[in-house]
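One structure is given here, and the rest of the page talks about it.
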Amino acid sequence: MVFALALVAGLVLAAGWTISTYNQLVHGRQAVDAHWAQVESVYQRRADLIPNLVAATQGFLSQERLVYDELAKARAAYAGASPTSPDRVEAANQLQGAVGRLLAIIERYPELRSREVVLGLMDELAGTELRIAVERRRYNEQVRIYNQLVLSFPHNLIAAATGFTPRPYFQAERDAASSPKTP
């Protein structure tokens, strides 16, 4: 009788631990998804600002068509990538590089920078880039917490059995340390 009670108590404790661990994993995954959604909203803000900046500068810089085409392709790749895929991160990095090249071009034309509309849009874009950096940092921190939970023993046993896998971090591109090159 004592053995049966001990066995039942052990099973109840094991079930409780399993349920608690599963709930922690769900909570962690939901937190990562929420942070990703915030990153996405800031990326969308940037993607919405880019056509306005391009339109404001296009008349002055018709010879810089290559950068505009690159921006359009990067923006389309970003919009077409699956929201939670590594392709979306790569497309966001390509878009960031194209924006950097556009800003470098704008800096070469002082008469363009002095235009009110362009300055306002550049300020908006600079603010958005700062927001992106902050949201990426927050996302990476949440991914770190979640990945530790998924990969640490004994939580990894429940994670593997229920399909929880580590999430990728945002990482700088290989050439991110260098200044954007203008064509």
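Each of residue 130 and residue 104 was given a label point 7 Å from its Cα along the Cα-to-Cβ line. The distance between the two points is 2.4 nm.
Between the beta carbons of residue 48 and residue 171, assuming R0 = 41 Å, the FRET efficiency works out to 0.95 to the nearest 0.05.
The slack in the chain from residue 2 to residue 153, taken as 0.36 nm per residue of separation less the alpha-carbon distance, amounts to 51.3 nm. Placing pseudo-labels 7 Å out from each Cα toward the beta carbon at residue 69 and residue 145 gives an inter-label distance of 4.6 nm. Model label points for residue 23 and residue 11, set 7 angstrom from Cα along the Cα-to-Cβ axis, are 2.2 nm apart. Electrostatic bookkeeping for residue 80 treats Lys and Arg as +1 and Asp and Glu as -1; over the other residues with beta carbon under 10 Å from its beta carbon, the sum is +1.
Bear in mind these aren't lab numbers, they're just calculated from the coordinates by the rules spelled out. Since the model is a prediction, treat every value here as computed from it, not as a measurement. Cβ atoms come from the backbone with ideal geometry, glycine included; neighbour counts cover every protein chain shown.
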